[in-house]
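Remarks on the structure that follows.
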Amino acid sequence: MSLSPQSPAATSTAARSPVSERPVTHYVLLNTNAGTANATGVTAESLGELFEASGLAATIDADGDRPLAERIDAAMASGAPTIVAAGGDGTITALAATLVGTDRNLAILPLGTVNALAKDLHVPLDLPAAVAALATGVAHRIDVGEVNGRVFLHKVVVGLIPGLAAGREHIRGRYDAAAKIGFLRYMFRRLARARRIAVVIQPSQGERRVERVQAIAVSSNAYDEGLGQFFSRHVLDGGTLTLYVLRHLNVGDFLRLTASMLLGHWQHDEALTMESVQSVTIDSRKSLLKVMFDGEVENLQTPLNFTIRPRSLSVIVPAEHATPAEAA
């Protein structure tokens, strides 16, 4: 059941503006607890005003007390052709998992801390500009990755990195110097004490092998290499996964890799190998592995079976970044 426009958690620009004669084209799931949304005080009312200013009819659901799955069901039942994730990467991934394989569009209003997919799609990080871009946005189909039947949009990481990300959770929402210094101390302690883990890797093409690694990442398509390109992708529909294997990562490796990423030649680092695959299985003696799943830390059951679903998700991109055929 979709939320009523009279609900304090949902507003409809169609009910109170000149665009009311148009059908509702955008159903917005607003996460008011997302990084920048919480910091700037974005509300359903203020967001609705931005949609009105852009001439867009939208229903806005900001009911954070309801489970996200129920809110997504309501969005799908609304009939709106474009469902908007106004939040961080976690909200975007959850919504994308439902939209994959359908003819409905995913649009993004980046209100999180990292906003990885929004950056890859060239969505403006300024909220008014992002809403305005929806008015002329163009549908574009991209690949999604899948691990054990679950959709991911960026990457899944196993090993040391999820532990470092877990430490980041303790300072989420804090921007003071003490929090940042505390996290750096925690990170360097973890690097100094890091131990490699044994994994079995079986790519779709190639031999099964056992490796001792500090971390493994599987991404949908490949990350770019170039000056200032820091975990960004310009190709999102190449139809492949990329497997990154980091065999060792001490403090020196970390500093060298970080500098290499900024300078644009990190893919040639001696601690790292990468390969393009259609699918890959990663196994371990452990029944559960801690992973970073599109930025969120959780446990997944082994073995981890990765596949790619080519061009299975329709997303809205700014018109100036669409291909000529899409713009037409």
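The values are calculated or read from the model by the stated rules, or taken from the named source; none is laboratory data. Remember, it's a predicted structure, so these values are computed and weren't measured experimentally. Neighbour counts are summed over all protein chains in view; Cβ atoms, including those assigned to glycine, are modelled from backbone coordinates with ideal geometry. Ligands, DNA and RNA are stripped out before the accessible areas are found, and what is left, the full protein with its side chains, is counted by its heavy atoms. Shrake-Rupley method; radii C 1.70, N 1.55, O 1.52, S 1.80 Å.
The condition (being charged (D, E, K, R) and open to solvent by 50 Å² or more (accessible area, probe 1.4 Å)) is satisfied by just one residue among GLU211, GLU207: GLU207.
The condition of being assigned to a strand (DSSP E or B) and touching a helix residue (DSSP H, G or I) at 6+ places or on another chain (Cβ under 6 Å) holds for only one of VAL280, VAL291, that being VAL291. Of everything in region 214-226 that is of a type outside the set (D, E, K, R) and farther than 16 Å from GLU146 by Cα, the residue that is surrounded by the fewest Cβ atoms within 10 Å (Cβ to Cβ) is GLY226.
Every listed requirement among (1) over 17 Å from GLY149 (Cα atoms); (2) among the acidic types (Asp, Glu); (3) touching a residue at least 60 places away in the same chain (Cβ under 8 Å) is met by ASP294 save one, (1). Restricting region 281-308 to residues that are of a type in the set (Gly, Ala, Ser) and out of contact with any strand residue (DSSP E or B) (no Cβ under 6 Å at 6 or more places or on another chain) leaves a set whose member that is surrounded by the fewest Cβ atoms within 10 Å (Cβ to Cβ) is SER287. Applying the criterion of at least 1 residues that are modelled with pLDDT under 90 to the strands (runs of 3 or more DSSP E) found wholly in region 134-191 leaves 155-159.
Here LEU3, LEU68 are screened, and the one residue that is over 21 Å from ALA132 (Cβ atoms) and modelled with pLDDT under 90 is LEU3. For region 214-267, the set of residues classified as touching a residue at least 40 places away in the same chain (Cβ under 8 Å) and basic (Lys, Arg) consists of ARG233, ARG247, listed by residue number.
Let's see how each residue does on (1) within 18 Å of LEU313 (Cα to Cα); (2) part of a loop (DSSP other than H, G, I, E, B); (3) acidic (Asp, Glu):
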| position | (1), (2), (3) |
| --- | --- |
| LEU47 | no, no, no |
| THR59 | no, no, no |
| GLU70 | no, no, yes |
| ALA75 | yes, no, no |
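Can you find a residue that is part of a strand (DSSP E or B), surrounded by 13 or more Cβ atoms within 10 Å (Cβ to Cβ) and modelled with pLDDT under 90 anywhere in region 195-204? Yes: region 195-204 contains one or more residues that are part of a strand (DSSP E or B), surrounded by 13 or more Cβ atoms within 10 Å (Cβ to Cβ) and modelled with pLDDT under 90.
For region 13-36, taking the residues that are more than 10 Å from ALA58 (Cβ to Cβ), part of a loop (DSSP other than H, G, I, E, B) and touching a strand residue (DSSP E or B) at 6+ places or on another chain (Cβ under 6 Å), the one that is modelled with the highest pLDDT is identified as ASN31.
The residues listed here are SER46, SER78; of these, the one that is under 18 Å from TYR27 (Cβ atoms), open to solvent by 20 Å² or more (accessible area, probe 1.4 Å) and either of a type in the set (A, V, I, L, M) or out of contact with any Ser or Thr (no Cβ under 7 Å at 6 or more places or on another chain) (or both) is SER46.
Restricting attention to region 227-267 and to residues that are in a loop (DSSP other than H, G, I, E, B) and at pLDDT 90 or above, the residue that is surrounded by the most Cβ atoms within 10 Å (Cβ to Cβ) turns out to be ARG233.
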